[in-house]
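Report on the structure given below.
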Number of protein chains: 2
Amino acid sequence: MSDSDPSLLKASALAPWRSPLARALHRNRSKPYSRYCQLATVTAVGRPANRTVVFRGWLPDTNTFTLVTDRRSAKVADIAAHPWAEACWYFTHTREQFRLGGPIQVITSADSADSSLASIRQTAWEGLSANARQQFYWPHPAQPRSAEADFLSQSGGETAPKTFCLVLLSPQQVDHLELRGNPQNRTRYTQPNGDDWLVTAVNP
Amino acid sequence: MSDSDPSLLKASALAPWRSPLARALHRNRSKPYSRYCQLATVTAVGRPANRTVVFRGWLPDTNTFTLVTDRRSAKVADIAAHPWAEACWYFTHTREQFRLGGPIQVITSADSADSSLASIRQTAWEGLSANARQQFYWPHPAQPRSAEADFLSQSGGETAPKTFCLVLLSPQQVDHLELRGNPQNRTRYTQPNGDDWLVTAVNP
């Protein structure tokens, strides 16, 4: 995963979909699950996979969405095979959906030679709660259930363990649907010529 | 789409994951959005696509999940290219997730020659509210926004319009994660030898 996609880290102006998404996050902030969305990837054999993930904020000065995962989780293998994902984010209070599609990259402990990657991974680790950190010391995810004693809590040091990965998704196409209203409003954000965003009102 | 996958329509005993899923639907019933989940498919070019869909119930006497869609929507083309999907269903009140992966099929007006397909499609149409029916008479989804007048409400007849499709997803692998508890409980349901379900407690 040292083949870093430069678009994921590149500083860039706020994309035009960031403002409606920030508004949705703000207006739905009373519900902790408003920071959850569903991340679709494609497995090595070409099947879709879909799971709930927690939004961990934007990489500073970019439009790159961050999340964390365990290196042993299936999504890491999916992304290695197909480095593109689509997140679907539904906000229950304001009844609106954002779909964010684009290249995705996993930053692992093996990326320690690249100081900028190592530094953003370490910063993400430091931002985790003690509870969230614990899980990276647990037995292998999705394997037959281990004994209770294997889940004994470990405090977790200040250095990210090898299981800890930061995942970066840099949307290149965004679809915003507002269910309120009849007909509903739907807006597409695309980058037909590279960096510049094209904003189009489309039919729901 | 006349190449019907027999597993989608076949009568079968209640799968073991149906009971915890029914319980989740019941315990989260006060939230209308508990019937929404995110459906991941793979596009013709091999990228993941993900959007919120509404659960429209089980096909009678089967474990087949139903939803409705517009024939002109991108997901119909995705499914034609890759007839496998994974739905991710997160219940906010009980804090649990179901992932349902399996073959998926679209039943369109072109399937009228098969009387069983035509009949379940027609029954699904009759079960829709007037509001839900209207959208099938609207302009082409995802095209540049049409004039307001093009969205004038049509009552919709008793016969399903050509745009109306019923979609069937027959899960062959189910993953149930309960976030409550530390460590969380996670259960996998698979069919290693065809019809029989294997239930395995796995690590979260």
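The values are calculated or read from the model by the stated rules, or taken from the named source; none is laboratory data. Quantities reported herein were computed from a predicted structural model and do not represent experimental measurements. We place every Cβ from the backbone using ideal geometry, glycine too, and count neighbours over all the protein chains shown. In case anyone asks, the SASA skips ligands and DNA or RNA and just uses the protein heavy atoms, side chains included. Shrake-Rupley method; radii C 1.70, N 1.55, O 1.52, S 1.80 Å.
Listed values, structure above:
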| item | result |
| --- | --- |
| The range A:119-160, residues that are loosely packed, with under 13 Cβ neighbours inside 10 Å and without any contact (Cβ under 8 Å) to a residue 12 or more places away in the chain | A:SER119, A:SER129, A:ASN131, A:GLN143, A:PRO144, A:ALA147, A:GLU148, A:ALA149, A:LEU152, A:GLY157 |
| Count - residues of the range B:73-114 that are within 11 Å of another protein chain (Cβ to nearest Cβ), assigned to a loop (DSSP other than H, G, I, E, B) and open to solvent by 30 Å² or more (accessible area, probe 1.4 Å) | 4 |
| Residue selected from the range A:136-173 under the condition hydroxyl-bearing (Ser, Thr, Tyr) and out of contact with any Gly (no Cβ under 9 Å at 6 or more places or on another chain), by the criterion farthest from the other protein chains (Cβ to nearest Cβ) | A:THR159 |
| Residue within the range B:163-176 that is modelled with pLDDT of 95 or more, in contact with a strand residue (DSSP E or B) (Cβ under 9 Å, 6 or more places away or on another chain) and surrounded by fewer than 14 Cβ atoms within 10 Å (Cβ to Cβ) present | no |
| Close pairs from the range A:162-184: first farther than 30 Å from A:ALA110 by Cα, partner of a type in the set (A, V, I, L, M) and buried (at least 24 other Cβ atoms within 10 Å of the Cβ), Cβ under 7 Å, at least 6 apart | A:VAL174/A:LEU100 |
| Condition broken by A:ALA130, with the remaining ones in (1) at pLDDT 95 or above; (2) closer than 28 Å to A:ARG27 by Cα; (3) aliphatic (A, V, I, L, M) satisfied | (1) |
| Residue ID - farthest from B:ARG23 (Cα to Cα), chosen from residues in the range B:177-204 that are modelled with pLDDT of 95 or more and facing chain A (nearest Cβ under 8 Å) | B:ASN203 |
